[in-house]
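Working notes for the structure below.
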Amino acid sequence: MRKKIIAANWKMHKTVHETEKFLRELMSSDMPHEAWIAPPFTSLHAAAQIVSNAKVKIHLGGQNMHAAAQGAFTGEISGSMLKEAGASFCIIGHSERRNLFHENDAEINAKLKSAFHVGLTPIFCVGESAAARDSGDFMDPIELQLSSGLLGIESPHFKNLVLAYEPIWAIGTGKAATPQLAQETHNKIRGYIAAKWGGDIAKSLPILYGGSVNVANAKQLLSEPDIDGLLIGGAALEVQSYLSILRQQQ
Ligand code: PGA
């Protein structure tokens with residue numbers, strides 16, 4: 001049985017005060033399922049204090065990290081800093097990091113290694129552009145992201161890895177992949193993982209779908225056999241909509 005993960009990527013939204021308010025409201029609801037939330041760095045520590053007595057587990061994560069343990073990297077945060085602040089996971093290789101901040105596959109590979117080293121669960125994001133999807137060769141960029149991102153990662157670490165398939169054309173556009181398209185791509189990704197790293201690893205690897213997930217499309221996406229959860233941006237900013245997506249995960 002693969003872990004089912006309904007993760008929220010808040011991006012650059014919510015102050016400490018707003019984070020606390022969201023979490024208190026979430027915790028006072030009948031949370032039907034564990035939550036995974038990646039707030040901005042500045043909210044992590046305060047969030048960790050609040051969720052420490054949650055009845056249903058709320059995992060906290062970073063949205064990015066630097067690969068080095070420490071050093072002269074103005075504006076950056078290390079994995080061990082995230083952990084100390086209360087994170088147990090970290091989103092790595094999000095397409096906004098790749099496109100807006102020019103992160104490349106080698107840096108992402110170093111970040112993944114560093115996350116495993118400090119004991120953070122990476123949510124490693126891959127996905128194709130609209131042009132690659134239209135050309136039909138959409139698996140080429142995804143396979144390249146996977147093979148270079150996971151280069152040299154030892155197999156025991158795979159049990160602590162989460163993948164997220166996030167087609168770039170679906171992120172923040174309101175144009176989610178159909179459940180069929182997402183399922184087909186997840187299945188191809190799992191097949192690629194099986195061919196490269198073995199069937200057991202592929203079978204137990206959670207693959208989340210992300211890109212314009214909302215209250216209306218979550219259930220159908222989650223009903224697909226190779227979709228093991230969701231990575232949600234905009235629809236996870238309001239407690240009620242995040243909660244109603246959590247409720248759709250049986
Ligand atoms: P979205 O973002 O749900 O707002 O499309 C998803 C993501 O970027 O992880």
Original post:
How do 6, 168 stack up against each other in accessible area, from largest to smallest, with a 1.4 angstrom probe?
Top reply: 168, 6
Original post:
Which entries in the list 159/219; 21/57; 14/219; 113/196; 175/203 go over 20 Å, if you measure between the two C-alpha atoms of each?
Top reply: 159/219; 14/219; 175/203
Original post:
Over the Cα atoms of the stretch 1-133, what is the Rg over Rh ratio if Rh follows Kirkwood?
Top reply: 0.98
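Based only on Cα atoms, what mean projected area does the convex hull of the stretch 167-250 have, in nm²?
Over all viewing directions, the stretch 167-250 projects a mean Cα-hull area of 5.4 nm².
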Subject >> Solvent-accessible area per residue, Å², over the stretch 153-250 with all protein chains present [probe radius 1.4 Å] >> reply: 41
Original post:
What do you reckon, how do 173, 121, 74 stack up by accessible area (1.4 Å probe), largest on top?
Top reply: 74, 173, 121
**OP:** Leaving ligands, DNA and RNA out of it, report the carbon-plus-sulfur percent of the accessible area of the chain at a 1.4 Å probe.
**Re:** 55
Original post:
Tell me, what is the FRET efficiency for residue 84 and residue 129 to the nearest 0.05, using R0 = 30 angstrom and their Cβ-Cβ distance as r?
Top reply: 0.25
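Dividing the alpha-carbon Rg of the stretch 90-183 by 2.2 N^0.38 Å yields what?
Scaled against compact globular proteins, the figure is 1.09.
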Subject >> Label zone at residue 147, where the point sits 7 Å out along the Cα-to-Cβ direction: the stretch 163-198 residues whose backbone N lies under 17 Å >> reply: 188-198
Subject >> Two-decimal log10 I(q)/I(0) for the stretch 1-60, as the Debye equation yields it once each C-alpha is a single scatterer, q = 0.22, 0.25, 0.26, 0.30 Å⁻¹ >> reply: -0.86, -1.08, -1.16, -1.44
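Which loop-located chymotrypsin sites (Phe, Trp or Tyr not before Pro) does the stretch 47-101 contain, where loop means any DSSP state but H, G, I, E or B and the Cβ has at most 15 other Cβ atoms within 10 Å? Write down the numbers at each step before the final one.
Numbers: sites: 73, 89, 101; in loops: 73, 101.
Listed in order of number, the matching sites are 73, 101.
Is the shape of the stretch 41-94 rounded, prolate or oblate, going by the alpha carbon gyration tensor and its root eigenvalues a ≥ b ≥ c, with a/c under 1.5 for rounded and a/b larger than b/c for prolate?
Taking the square roots of the gyration eigenvalues as a ≥ b ≥ c, the stretch 41-94 is prolate.
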Original post:
Of 66, 45, which has the most accessible area and how do the rest follow, probe 1.4 Å?
Top reply: 45, 66
Original post:
Given the protein chains as shown and a 1.4 Å probe, how many square angstrom of residue 18 are accessible, to the nearest 10?
Top reply: 90
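Under the 0.36 nm per residue contour assumption, what length would be gained going from the current alpha-carbon distance of residue 194 and residue 73 to full extension?
Values: separation 121, 0.36 × 121 = 43.56 nm, distance 3.69 nm.
Separation in residues times 0.36 nm, less the Cα-Cα distance, equals 39.9 nm.
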**OP:** With a Förster radius of 41 Å, plug the Cβ-Cβ distance of residue 42 and residue 224 into 1/(1 + (r/R0)^6) and report the FRET value to the nearest 0.05.
**Re:** 0.70
Subject >> Square roots of 5 times each gyration tensor eigenvalue, C-alpha, the chain, largest first, Å >> reply: 26, 22, 17
Original post:
Which ³J(HN,Hα) values, rounded to whole Hz and listed in residue order, are derived for the stretch 96-111 from phi using the Karplus coefficients 6.51, -1.76 and 1.60 in 6.51 cos²θ - 1.76 cosθ + 1.60 with θ = phi - 60°, glycine and proline given as x?
Top reply: 5, 5, 5, 8, 7, 10, 6, 6, 10, 4, 5, 5, 5, 4, 5, 5
Subject >> Span from the the stretch 1-64 Cα centroid across to the the stretch 146-217 one, whole angstrom >> reply: 22
Original post:
By how many nm would the segment from residue 30 to residue 53 grow when fully extended, if each residue of separation counts as 0.36 nm and the alpha-carbon distance is taken off?
Top reply: 6.8 nm
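The values are calculated or read from the model by the stated rules, or taken from the named source; none is laboratory data. Only a predicted model underlies this, so the values are computations on that prediction, with no experimental measurement involved. So basically every Cβ, Gly included, is an ideal-geometry build from the backbone, and we count neighbours across all protein chains shown. Protein only, heavy atoms only, side chains kept; ligands, DNA and RNA dropped before computing areas. Shrake-Rupley method; radii C 1.70, N 1.55, O 1.52, S 1.80 Å.
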